[in-house]
Amino acid sequence: MSSAVPRPRVNVWVTRTEPGATALATALGAAGHAVLKAPVLEIRPLPFERVRGPFDIGLFLSMHGARIAAAELAGEARALFSVGRRTRSALRALGFDAAVPDVETAEGLLEALGDVAGKRILIVTGVGGRNLLADALQDRGANVTRLDAYVRYPLTPDVDAETVAVIVTSSGDGLRHAERVWSAAGGDPGVPVLAPSARVAAIGAELGFRSVHDCGGAGPEAVLRVLGRFEFE
């Protein structure tokens, strides 16, 4: 009489894009968590024409934009800002430094930039990213150039919902795709979802998730801090 093969124990589903997915999964595994690393989006670079500066300010809104475009574009700006520390690290790896706002969001960048009237500003981001920052800077009198350096391509990983206890997301777009995968797998909408910000947490609630938690950041430290509130089998 053969015995049933036990299901693999997976507690935390990491949905974010690479290379952040591997970095986060490694940190969670080192902390003792069982992890399913299954991104729901893939970053694909786009061809772009090099814009000519000088720009007064260059804004990099993601580590993907930094990795793909900084070598060509960062030198065109007199001052650089990154939306967060992970993006700054990607810029530093290429030989550039950038300021980081106290609140690591587009709204935090707006507050940090202050008066931008008459300044030329380059925003490096991806297709489909929010226009909040560009629109607000233009309203303040800045001359804004937006460059889309990449596109997020949706993936449909194979997820066994019965083995997942927590979902970790890093963006609103990623959470929308994760919800589609989760729903198709018959997942419980009551599963805890860890979001990087209040904005993404609100998107989770709109999608029907009933237990969404704002980690106050997307890095391993922020995720581990909130994961510490849960007990796992």
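For the reader, a short list of remarks on this structure follows.
- Taking only protein heavy atoms and a 1.4 Å probe, the accessible area of the chain is 49% carbon and sulfur.
- Normalised contact order of the chain, rounded percent, pairs of Cα under 8 Å and 6 or more residues apart: 20
- Gain in span if fully extended, A205 to N143, counting 0.36 nm per residue against the direct Cα distance: 18.7 nm
- Cα convex hull of the chain - mean projected area over all directions, nm²: 14.1
- Taking every full run of DSSP H in the chain, none both stretches at least 30 Å from end to end by Cα along its long axis and averages 1.6 or higher on the Kyte-Doolittle scale.
- On a per residue basis, the chain carries 50 Å² of accessible surface, using protein heavy atoms and a 1.4 Å probe.
- Placed amide H near V116: partners under 5 Å, 5+ positions off or other chain: none
- Nitroxide proxy distance, nm - points 7 Å out along Cα→Cβ at E49 and A34: 5.4
- In the chain, helical runs assigned H by DSSP with n ≥ 4 each contribute -39500 (n - 2.57); averaged across all residues and rounded to the nearest 500, the mean residue ellipticity at 222 nm is -9500 deg cm²/dmol.
- One chain, two ends: D97 and A161. Fully extended at 0.36 nm per residue, the span grows by 18.9 nm beyond their Cα-Cα distance.
- Solvent-accessible area of R120, all protein chains in place: 80 Å² (probe radius 1.4 Å, heavy atoms, ligands and nucleic acids excluded).
The values are calculated or read from the model by the stated rules, or taken from the named source; none is laboratory data. Computed from a predicted model, the values in this text were never measured in an experiment. Glycine also receives a Cβ, built like all others from the backbone with ideal geometry; neighbour counts cover every protein chain displayed. Each accessible area value is taken on the protein alone, full model and side chains, heavy atoms only, with ligands, DNA and RNA left out. Shrake-Rupley method; radii C 1.70, N 1.55, O 1.52, S 1.80 Å.
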